[in-house]
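Only the coordinates and a few stated rules stand behind these numbers; no lab work does. Quantities reported herein were computed from a predicted structural model and do not represent experimental measurements. Virtual Cβ from ideal backbone geometry, glycine too; neighbours counted across all protein chains shown.
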Amino acid sequence: MKWELGANWAEFQRVFINGPSKEEKFMSILKRGLKGAPVKRLQEALGIDADGDFGPGTERAVKAYQEANGLAVDGIAGPDTFTAMGLHELVLLRVGSRGSTVKAMQEDLGIDADGRFGPGTKKAVMAFQEANGLAVDGMAGPATLAKMNSFADVVTEAVVQKAEVTADEEHFESEELPEIDGADAVKGSGEAAPEKSVWGKIKGWFS
């Protein structure tokens, strides 16, 4: 499914501009209590003190931005807020993710498109990554999405480059990504973020 002006514009706008519904949020969410490089990037985009610590001030700034831009005002920066701010590099889909973006990816992969990222989707993502010379980790971040027809016009090479940790972000601490269920992080066997991904420099999921 290629995003084109015309028949698909309404769906493109809903997913990439208006953002997903609450039940469609993905792994790439930032909320109060998290610390790391993705938070710092969010703060920089908001024009506030960028210390990488998502505290009450950042939450207030996110809510203010959301209200001013017609987004759901919850103080949680998810794909809708990232996209409105031009932070496409912070999207990361993995087992537990769900929604229209997952469905579009599944359609590109030629598998059952139910909008839920389960073990079968992970297997298909890994096969796609191997066939395209990508790191085979079963997670669909910008490097993987950029190779798919549905995302090629949105997830550009520049976005892929931005998804990598920069030298001034190396000092942030890391912890394994938690298992996820929609928008919720749940305790379980964690896994490492994609190599060089900015999501490898964040912690505080359960603190």
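Any idea what the relative contact order of segment 48-207 is, in percent, if you count C-alpha pairs under 8 Å spaced at least 6 apart?
17 percent
Quickly work out the E195-to-N132 label distance, labels modelled 7 Å from Cα along the C-beta direction, and quote it in nm with one decimal.
Roughly 1.7 nm, to one decimal.
Hey, fewest Cβ within 10 Å first, where do T166, T121 land in order?
Least to most surrounded, the residues fall as T166, T121.
Could you put K203, K40 in order, starting from the residue whose Cβ has the fewest other Cβ atoms within 10 Å?
Going from sparsest to densest Cβ surroundings: K203, K40.
Quick one: order E44, E170, E59 by neighbouring beta-carbon count within 10 Å, fewest to most.
E170, E44, E59
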